[in-house]
1. Go through 337, 312 for me and flag whichever is more than 16 Å from the ligand (Cβ to nearest atom), among the small types (Gly, Ala, Ser), at pLDDT 85 or above and within 24 Å of residue 83 (Cα to Cα).
2. I'm trying to understand the selection: among the residues of the stretch 150-194, which are open to solvent by 40 Å² or more (accessible area, probe 1.4 Å), away from the ligand (no atom under 11 Å from the Cβ) and over 23 Å from the mean Cα position of the chain (by Cα)?
3. Filter the stretch 315-332 for residues that are open to solvent by 10 Å² or more (accessible area, probe 1.4 Å) and modelled with pLDDT of 80 or more; which is nearest to residue 37 (Cα to Cα)?
4. So is residue 17 open to solvent by 40 Å² or more (accessible area, probe 1.4 Å), at pLDDT below 95 and out of contact with any Ser or Thr (no Cβ under 8 Å at 6 or more places or on another chain) or not?
5. So, in the stretch 245-298, how many residues would count as being out of contact with any Leu (no Cβ under 9 Å at 6 or more places or on another chain) and free of Cβ contacts under 8 Å to residues at least 60 places away in the same chain?
6. Pick from 141, 111: which is among the polar types (S, T, N, Q), on the phi < 0 side of the Ramachandran plot and at pLDDT below 95?
7. Which residue pairs have Cβ atoms under 6 Å apart, sit 6 or more places apart or on different chains, and have a first residue in the stretch 155-183 that is of a type in the set (Asp, Glu) and a second that is within 11 Å of the ligand (Cβ to nearest atom)?
8. Just give me the residues in the stretch 237-259 being of a type outside the set (Phe, Trp, Tyr) and open to solvent by less than 30 Å² (accessible area, probe 1.4 Å), in sequence order.
Amino acid sequence: MRPSKNSSALDAMVGDLKAVASPLRAYFSDLYDKYASLQEGNLANYIPELSRADPSAFGLSLVTVTGQVFVVGQAEQLFTIQSVSKPFVYGLALEDHGREEMLRHVGVEPTGDPFNSFTRLERADGKPFNPLINAGAIATTSMIKGDGPAARFNRLLDMLARYIGHPVPVDMPIFTSERATGHRNRAIAWFLMNCGHLGGDLDEALDLYFKQCSVLVTGKDLAMMGATLAAGGVNPMTGERALQQEYVQDLLSVMYSCGMYDYSGEWAYRVGLPAKSGVGGGICIVIPGVCGIGTFSPLLDPRGNSVRGLRALEQFSTDYKLHVFNSADSYQKLRAAITGRALVV
Ligand code: DON
């Protein structure tokens, strides 16, 4: 599919239309239509509550660094953020401890393993390979500073709220479901503690990790979070800083190399953008300096990535030449579509 060229302003009106008519709106509408009918994948069922999601749900959202919003489909439907929280919590831990201290406890190497694997952990003396696999995320969460469990949780929620621009609720049934069934994460936490890579109390660290995964967001929220990173750590709507500028590149680096679990290499090869997926069905993508994208669809592939999200984004990246290594003029076509201005070649 190529970006639409001759759509009328009315045809281009999709979802939350606040900005000028733009070819990107029509393109997003076409992209949604193409992948909404895709029925591949399964709902996550290893956390019992997640299997209640609506398999037909699908939404695409894009927020630019200047605050333009493009949405189509179920962009406002709430779902749990799950692993999409991981890079953002890593950012908070970086602010708390600095780069070198974090690197002492959590590496930045991709594993090529499933997100919940810990086969490499013993051989690495218990130091997780990166902050986006479960072992690294649990270690990272355990390092968040605060005067007691409630203060740490509030700091985490406040951080997410700064990225999103409003307070975020927690899905307590999902939290309870995860806490009751997360034996594998518990095993990982014990091993981290054994090796000196778990900060603080084990049960408290796990509760905080399960809570961060149970935060409710929309696809539009994920786009806003991505846009905040794309804008150097400042929320484009509120103007509030969510992350110190110096750490933005750290988050984007781990998202680029490790954000899609054991599909990260192929994602980097095919799509070429920093991104993070979660088993709730969300994906957050960052196009540095331009925009954030949030997709939501709960049907997952065997690796835990949203099938419709993955396919739509692969298509979007191809059509708009978004791969970071594509060429010097990588983002010109996208900028032209956002503003509706003709592409100057
Ligand atoms: O640790 C877990 O199992 C979940 N709370 C988070 C996992 C997740 O989202 C992995 N995603 N692809």
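The values are calculated or read from the model by the stated rules, or taken from the named source; none is laboratory data. Everything quoted here is computed from the prediction, not taken from an experiment. Every residue, glycine among them, receives a Cβ derived from its backbone with ideal geometry; neighbour counts consider all protein chains shown. Areas reflect the complete protein model, heavy atoms only, side chains present, ligands, DNA and RNA absent. Shrake-Rupley method; radii C 1.70, N 1.55, O 1.52, S 1.80 Å.
1. 312
2. 150, 180, 187, 190, 191, 193, 194
3. By that ranking, first place goes to 315.
4. yes
5. Residues in the stretch 245-298 being out of contact with any Leu (no Cβ under 9 Å at 6 or more places or on another chain) and free of Cβ contacts under 8 Å to residues at least 60 places away in the same chain: 6 in total.
6. From the options 141, 111, the qualifying one is 111.
7. Within 6 Å, the pairs are 171/80; 171/214; 178/47; 178/210.
8. Result: 242, 243, 248, 250, 251, 252, 254, 255, 258, 259.
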